[in-house]
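First the structure, in the form of structure tokens, and then the observations on it.
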Amino acid sequence: MTTTTVTPRRSTGPRLRRARGFSADRPRRSPLLTVLTGIVLVYSLLPLAWLLVNATKTQADLFSSFGLWFGDSFALFSNIGQTLTYDDGIFVRWFANTLLYVVLGAGGATALAVLGGYGLAKFDFPGKKGVFATVIGAVAVPGTALAVPTFLMFSQMGLTNTPWSVIIPSLISPFGLYLMWTFAAEAIPTELLEAARMDGAGEARTFAQICLPLLAPGIVTVLLFTMVATWNNYFLPLIMLKDPDWYPLTLGLNAWNAQAATAGGEAIFNLVITGAVLTIVPLVVAFLFLQRYWQSGLAAGSVKE
Amino acid sequence: MVTSTSRRHEGVPVTQTAVPPAAAVSAGPTPRPARRRSWSGWGFVGPFMAVFALVFLAPIAYSIYLSVFRTQLIGGTTFVGFENYARAFGDAQLWAALGRVSLFLLVQVPVMLGIALLVALALDSGRLFGRDFFRISIFLPYAVPAVVATLMWGFMYGTRFGLVGNINDALGVALPNPLAPDLVLAAIGNIVTWEFVGYNMLIFYSALRTIPTSLYEAAQIDGAGQWRVIRAIKLPAIRGALVIATIFSIIGSFQLFNEPSILQALAPNAITTYFTPNLYAYSLSFSGQQYNYSATVAIIMGLLTMVIAYVVQLRGMRKEA
């Protein structure tokens, strides 16, 4: 058994179990620990279950039936239909806006972070320390300090109330830059770069053909995190946008919810709840399908000492 | 980055970088210069820095500029030096807001990070049935927008037709209203905890997975038990991640905006326009047109956050030496 100690952690044979008591792979399962962790699991999932159950109810049932169980009616599909068509299909418009902000904002942010992170990891250039200090110093300033001046600046440039006012600030993800920086430093052997250069490949070509494939897990991770940030963004559009036609889903849902409180406003809580479900589904699906990639990217990049 | 205020995790990205410096400088993402110094690196870093200058550096500079002026309907804009700062110093509403987020910070952050750490250790111990299911399920709330999370919990908090109301009806009791003025801060704390336990758990868990197995084997040979392994190996190994998560959470608390602002519609009496410093700055600008004073409040909060983040980072990293 002693020779097996050099075996990498994941390739454990059954006989190793007892020999490696605390290693994370195959120790004894504990029902007690599972139940205790189960409490946190229930806490995490219960509100989502509540949301799903209540998306199947009519507004009347919403008020009259027990929150964690189905009502008399099963109105999920009529709710979805109503959500998509209410107010001339404004929800669909918000969905499209959100997609636009995510594709351009998160996509752009990822592209800038990948380029910048690679540049910082693999080049030594004049002003590199300055770049580091500036980015670190500036990101420590909370968004609060930036919101108002950014709004005033953008308003003087005529950008407020346009999609650009949401997209442009979304383009910078310092976390993405940092993640790509650490990731590129690990994932790309410097020897490989030297070899490519020796063969006469230009910097752009070396990057596109040799480095990009190696950076893929890091790119997926950064993309997912910038996607969530853009998809879930509320504060920035709240400040920048007045015209509901440019709202993202988050702002639109809140407007629907607030509608009940306004004088003469129609209460449409069933649509708020169904709209909320439709809002979270794409992100949940993206996380589930890509989890293999983003988890390895996160483990390799963000938190390693 | 304006985006960052909207949600704690968006604040996270921002500050994640604020912290890693310690990790980055000590561990160093670049172990050695990849090649001789040349300008070609700028070709890659340039685009980022250009946009960064527009959405980060320019607004900061503009904010500082705004904070030393006063704009009046009659008389226009005049230079007032530190007058706005002096006003902030004696502003009871700002102090009240600051007190509120400090209380929030002292209670919510330890609870959230404690739960996240315990779950991460449980997952890493390998003793759970269905580990992957646990990991992904507990992380899931992170994908839910703050707006949706707050609306959802807001509905559930309802004493009339929410879960709280259901329980009251079913058991014939009268639970306290979570949206009453004395409980609303805790209600917000619960929402924020729900949103970010999974995210922090994942950060801790990823860090735990990078610990080399040889350390556990050595500990086993020395006869160390589970708790000793956790105390002597696991916790020290993930100190960097712990410090990072703590700093994000502090910044998230100071920037608290979305949850109270959305809950305001449900609890207008419990949540004032100056409930948190961020809400106050927002109200000053967009309802009050007091841009100069709002910029001052924002800068004060920015400086305060930076100082606290810096202190936590220093204290957290010191023992490593």
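Computed from the coordinates by the stated procedures, all read-outs in this text should not be read as laboratory data. This structure is a prediction, so every number in the text was calculated from the model and none was measured. With ideal geometry, Cβ positions are generated from the backbone for all residues, glycine too; neighbour counts draw on all protein chains shown.
Of all trypsin sites (Lys or Arg not before Pro) in the stretch B:85-186, which ones are in loop regions per DSSP and have a Cβ with at most 16 other Cβ atoms within 10 Å?
Sparse-neighbourhood loop trypsin sites (Lys or Arg not before Pro): B:Arg160.
Quick one: which residues, 5+ away or cross-chain, put their amide H under 5 Å from the amide H of B:Phe69? H built at 1.01 Å from N.
B:Val80
Hey, fewest Cβ within 10 Å first, where do A:Ser173, A:Ser65 land in order?
Details: A:Ser173 33, A:Ser65 19.
Listed from fewest to most nearby Cβ atoms, that is A:Ser65, A:Ser173.
Using R₀ = 51 Å, calculate the FRET efficiency as 1/(1 + (r/R₀)^6) where r is the Cβ-Cβ separation of A:Ser73 and A:Arg197; round to 0.05.
0.15
What distance in nm separates the simple spin-label points at B:Trp95 and B:Ala237, each placed 7 Å from Cα in the Cβ direction?
Going from the B:Trp95 label point to the B:Ala237 one covers 4.9 nm.
Quick check: pseudo-label points 7 Å beyond the Cα along Cα→Cβ at B:Ala186 and B:Phe129, how many nm apart are they?
Taking the simple label geometry, B:Ala186 and B:Phe129 are separated by 3.4 nm.
With springs connecting C-alpha atoms under 10 Å apart, model chain A as a Gaussian network and identify which of A:Asn232, A:Asn254, A:Asn161 has the largest mean-square fluctuation.
Result: A:Asn254 has the largest fluctuation of those listed.
Give me a comma-separated list of calculated 3J(HN,Hα) values for the stretch A:222-228, in order, Karplus coefficients 6.51, -1.76, 1.60 applied at θ = phi - 60°, integers in Hz, x for any Gly or Pro.
Whole-Hz 3J(HN,Hα) from phi for the stretch A:222-228: 4, 4, 5, 6, 6, 4, 4.
Around A:Ala75, under 15 Å between beta carbons, what's the net of Lys plus Arg minus Asp minus Glu among the other residues?
-1
Neighbour counts of other C-beta atoms within 10 Å: give me A:Tyr178, B:Tyr282, B:Tyr274, B:Tyr62 arranged from fewest to most.
The order, fewest Cβ neighbours first, is B:Tyr62, B:Tyr274, B:Tyr282, A:Tyr178.
Karplus couplings for the stretch B:134-140 from phi (6.51 cos²θ - 1.76 cosθ + 1.60, θ = phi - 60°), rounded to Hz, Gly and Pro as x?
Per-residue couplings from phi come out as 4, 4, 6, 5, 6, 6, 3 Hz.
Within chain A, which is the longest segment containing none of the trypsin sites (Lys or Arg not before Pro) that sit in a DSSP loop and have at most 16 other Cβ atoms within 10 Å?
Here the longest segment lacking exposed loop sites spans A:30-241.
Near B:Val119, within a Cβ-to-Cβ distance under 13 Å, what is the net charge of the other residues, with Lys and Arg +1 and Asp and Glu -1?
Details: positive: B:Arg127, B:Arg131, B:Arg135; negative: B:Asp124.
So the environment of B:Val119 carries a net charge of +2.
Please give the calculated 222 nm ellipticity per residue for chain A, where each DSSP H segment of at least 4 residues contributes -39500 (n - 2.57) and the sum is spread over every residue; nearest 500 deg cm²/dmol?
-21000 deg cm²/dmol, from helical runs alone.
Report, in deg cm²/dmol and to the nearest 500, the calculated mean residue ellipticity at 222 nm for chain B, where each DSSP H run with n ≥ 4 adds -39500 (n - 2.57) and the sum is divided by the residue count.
About -20500 deg cm²/dmol.
With a Förster radius of 56 Å, plug the Cβ-Cβ distance of A:Thr162 and B:Trp227 into 1/(1 + (r/R0)^6) and report the FRET value to the nearest 0.05. Intermediate results must be reported in sequence, preceding the final value.
Numbers: r = 57 Å, r/R0 = 1.03.
Using R0 = 56 Å, I get an efficiency of 0.45.
Roughly what would the spin-label model give for A:Arg205 and A:Val92, points 7 Å off Cα along C-beta, in nm?
4.8 nm
Karplus couplings for the stretch A:173-189 from phi (6.51 cos²θ - 1.76 cosθ + 1.60, θ = phi - 60°), rounded to Hz, Gly and Pro as x?
With coefficients 6.51, -1.76 and 1.60, one gets 10, x, 4, x, 4, 5, 4, 5, 4, 5, 5, 5, 4, 8, 7, 10, x Hz.
What is the set of long-range amide H partners of B:Phe129 at a cut-off below 5 Å, with H atoms built 1.01 Å from backbone N?
A:Ser30, A:Thr34
Sorting A:Thr110, A:Thr190 on the 10 Å Cβ count, fewest up front, what's the list?
Ordered by Cβ neighbours within 10 Å, fewest first: A:Thr190, A:Thr110.
Around A:Ser65, under 14 Å between beta carbons, what's the net of Lys plus Arg minus Asp minus Glu among the other residues?
-1
Rounded to the nearest 0.05, what FRET efficiency do A:Arg292 and A:Leu214 give with R0 = 22 Å and r taken as the Cβ-Cβ distance? Could you check?
Numbers: r = 17 Å, r/R0 = 0.76.
That gives a FRET efficiency of 0.85.
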